[in-house]
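The values are calculated or read from the model by the stated rules, or taken from the named source; none is laboratory data. Quick caveat: nothing in here was measured; it's all calculated off a predicted structure. Every residue, glycine as well, gets a Cβ built from its backbone with ideal geometry; the counts of neighbours run over all protein chains shown. Remember, those area values only see protein heavy atoms, side chains included, never the ligands or the DNA or RNA. Shrake-Rupley method; radii C 1.70, N 1.55, O 1.52, S 1.80 Å.
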Amino acid sequence: MKAVLRVPLDRGAEGVAVVADGYWQASQGRDALKVEWDTSAVEKVDSERQLARYREMATRPGPRQFDSDMVPLETAPLKLEAEFVFPYLAHAAMEPLNCTVRLADDRAEIWMGSQSAGPDAAAAAAALGLKPEQVVLNVQMSGGGFGRRFSSTSDTVVEACEIAKAARSAGLNAPIRTLWSREDDMRGGYYRPLHLHRARIGFDDQGKVLAWDHSIVGQSILTGTVFEQFMVKNGIDAATTEGMRAPYPLPMRLTVHHPKDNVPVLWWRSVGSTHTAYVMETLLDDIARATDQDPVAYRMQLFGDQHIRHRDALQLAVDKSGYGKTQLSEGRAWGVAVHESFSSVVAYVVEASVADGQPKLHRVTAGVHCNLAVNPLTVEAQVQGAAIMGLSMCLAGSAITLKDGVVEQSNFSDYTVARITDVPEFDIHIVPSAEPPTGMGEPGLPPLAPAFANAIARLTGKPLRQLPFNLT
């Protein structure tokens with residue numbers, strides 16, 4: 001079956017023709033671009049069926065990232081089994097995807113927000129049949145990127161160039177701005193992949209893990225890209241497993257499955273740590289509760305003398321929050337999590353409550369170890385922004401789902417992001433260091449959700465095994 005769309009050309013400000021909702025294979029037409037695409041061979045993904053398939057895959061043997069003796073699992077005094085589900089996530093940047101292209105016979109000038117200007121310019125040159133030196137790409141300040149403006153296919157700029165070529169062939173010699181509607185931006189991908197984790201853990205009454213058998217099922221974001229040759233080994237995408245096990249000395253067997261589903265996926269702020277940090281930090285809290293240990297003391301014991309940066313970040317957050325010393329208001333609980341990503345460590349101590357069945361985050365105290373903080377205010381801003389994005393993952397409605405091949409969400413009316421009424425009080429502190437600086441754009445996101453979840457679990461006695469939170 002072929003679908004056909006006619007896209008009107010509107011005359012925008014300053015003589016720029018604006019094309020809304022651009023698609024592939026545009027053909028000429030003076031007042032509209034006629035677009036066709038073939039949908040006959042498209043697999044129609046359904047979230048419920050997909051999750052059932054993932055659950056079955058998690059039980060199979062597969063490629064292993066880590067291996068360890070699982071015999072102690074059967075005889076361990078204490079055992080824990082858990083399944084985690086993480087949905088597809090949209091980047092949901094405030095500024096939808098857009099790109100303006102001005103063509104001439106032997107050159108092109110492009111204006112767009114880009115996280116990969118070099119590859120985008122090269123892709124534009126290829127799409128336009130020009131040499132790279134004939135293309136000028138003017139990088140604009142974008143209203144949010146979070147990974148979506150670093151597509152390995154450069155889909156946004158290629159699509160805009162195809163439309164600009166079609167418009168010029170139709171006699172429209174003006175800059176062409178392709179602007180995605182919010183609905184197309186939300187429904188057209190690329191998404192953080194859906195992931196399913198399954199863990200079986202054996203431990204003793206002191207909390208010593210004797211064996212940890214773990215499976216991850218989720219699409220690879222790097223297979224088929226230029227990163228595949230050095231980041232996909234033995235069939236395992238390194239972006240899927242980053243954040244697993246380390247820094248904890250755990251005897252873990254980690255099996256990974258990468259199903260091939262007809263859903264476009266991409267990195268999303270903090271990449272694999274969006275789900276691995278949640279799994280690791282909530283399961284460690286589960287073990288601490290099961291063995292009647294303080295979650296901070298338990299982590300410090302696991303760090304030993306080998307992970308000083310993790311210890312310092314967590315201790316700073318604990319000291320500044322008043323954890324263990326300050327009496328919280330009735331109905332509130334502490335939650336703790338610490339995680340390293342992009343070579344920086346962020347620890348959170350949070351205060352949370354549950355009111356009318358809804359979780360509420362009140363206060364976040366952060367201990368940040370990013371080595372030398374060149375601009376502490378920038379570090380603080382990055383942590384706040386990343387933490388709010390991490391909070392969004394927890395809120396009801398923050399999931400992309402599919403029914404009969406169609407994405408069910410379309411705008412902020414049915415896809416939740418944190419709003420000002422959801423934002424907690426922040427108190428952010430940086431561990432002093434003179435070592436070379438490390439990354440800060442991503443690390444503030446991963447530990448927020450597990451710290452929040454751990455606080456809620458202490459209030460309800462029920463671990464939260466899926467995002468967004470569901471307390472029913």
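The set of residues in the stretch 298-316 that are open to solvent by 60 Å² or more (accessible area, probe 1.4 Å), assigned to a helix (DSSP H, G or I) and touching a helix residue (DSSP H, G or I) at 6+ places or on another chain (Cβ under 9 Å) comprises ARG311, GLN315. Total residues in the stretch 114-162 satisfying the condition of being over 21 Å from ALA92 (Cβ atoms) and among the β-branched types (Val, Ile, Thr): the figure is 4. In this structure, is PHE426 open to solvent by less than 40 Å² (accessible area, probe 1.4 Å), of a type in the set (Phe, Trp, Tyr), under 17 Å from VAL336 (Cβ atoms) and outside any loop (DSSP other than H, G, I, E, B)? Against the criterion (open to solvent by less than 40 Å² (accessible area, probe 1.4 Å), of a type in the set (Phe, Trp, Tyr), under 17 Å from VAL336 (Cβ atoms) and outside any loop (DSSP other than H, G, I, E, B)), PHE426 does not qualify.
Looking only at residues in the stretch 109-125 that are in contact with a helix residue (DSSP H, G or I) (Cβ under 8 Å, 6 or more places away or on another chain) and more than 12 Å from THR153 (Cα to Cα), which one is surrounded by the most Cβ atoms within 10 Å (Cβ to Cβ)? Give the derivation first.
Looking only at the stretch 109-125, we keep the residues that are in contact with a helix residue (DSSP H, G or I) (Cβ under 8 Å, 6 or more places away or on another chain), and these are 110, 112, 114, 120-125.
From what is left, the residues that are more than 12 Å from THR153 (Cα to Cα) are 110, 112, 114, 125.
Numbers: ILE110: 26, MET112: 24, SER114: 24, ALA125: 18.
Among those that are in contact with a helix residue (DSSP H, G or I) (Cβ under 8 Å, 6 or more places away or on another chain) and more than 12 Å from THR153 (Cα to Cα), it is ILE110.
Please work out which one of (1) open to solvent by 50 Å² or more (accessible area, probe 1.4 Å); (2) in a loop (DSSP other than H, G, I, E, B) is the condition VAL417 fails and give its number. Of everything listed in (1) open to solvent by 50 Å² or more (accessible area, probe 1.4 Å); (2) in a loop (DSSP other than H, G, I, E, B), VAL417 misses just condition (1). Taking (1) modelled with pLDDT under 95; (2) open to solvent by 80 Å² or more (accessible area, probe 1.4 Å) in turn, GLY29 satisfies each apart from (2). Total residues in the stretch 164-196 satisfying the condition of being more than 28 Å from ASP261 (Cβ to Cβ), in a helix (DSSP H, G or I) and not aliphatic (A, V, I, L, M): the figure is 3.
Yes/no matrix, rows are residues, columns are (1) of a type outside the set (Lys, Arg); (2) open to solvent by 30 Å² or more (accessible area, probe 1.4 Å):
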{"position": "ARG192", "(1), (2)": "no, no"}
{"position": "ARG200", "(1), (2)": "no, yes"}
{"position": "ASP204", "(1), (2)": "yes, yes"}
{"position": "VAL209", "(1), (2)": "yes, no"}
{"position": "SER220", "(1), (2)": "yes, no"}
{"position": "VAL226", "(1), (2)": "yes, yes"}
{"position": "MET231", "(1), (2)": "yes, yes"}
{"position": "ALA238", "(1), (2)": "yes, yes"}
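Here the stretch 264-291 is the region considered, the condition is being assigned to a loop (DSSP other than H, G, I, E, B) and touching an Asp or Glu at 6+ places or on another chain (Cβ under 9 Å), and the residue that is farthest from GLN115 (Cα to Cα) is THR291. Each residue in the stretch 443-470 was checked for being in a loop (DSSP other than H, G, I, E, B), in contact (Cβ under 8 Å) with a residue 40 or more places away in the chain and open to solvent by 50 Å² or more (accessible area, probe 1.4 Å), and 2 of them qualify. What are the pairs, 6+ residues apart or on separate chains, where a residue within the stretch 94-116 that is under 22 Å from ARG182 (Cα atoms) and of a type in the set (S, T, N, Q) has its Cβ under 8 Å from a residue that is open to solvent by 30 Å² or more (accessible area, probe 1.4 Å) and assigned to a strand (DSSP E or B)? If the second residue must be open to solvent by 30 Å² or more (accessible area, probe 1.4 Å) and assigned to a strand (DSSP E or B), the pairs left are ASN98/ARG177; ASN98/LEU179; THR100/TRP111; THR100/ARG177; SER114/LEU137; SER114/VAL139. Might you let me know whether the stretch 132-151 holds any residue that is open to solvent by 30 Å² or more (accessible area, probe 1.4 Å), free of Cβ contacts under 8 Å to residues at least 12 places away in the same chain and under 24 Å from PHE227 (Cα atoms)? For the stretch 132-151, residues open to solvent by 30 Å² or more (accessible area, probe 1.4 Å), free of Cβ contacts under 8 Å to residues at least 12 places away in the same chain and under 24 Å from PHE227 (Cα atoms): present. Among the strands (runs of 3 or more DSSP E) confined to the stretch 76-163, the ones with at least 3 residues that are over 30 Å from ALA277 (Cβ atoms) and at pLDDT 95 or above are located at 98-103, 108-112, 135-139.
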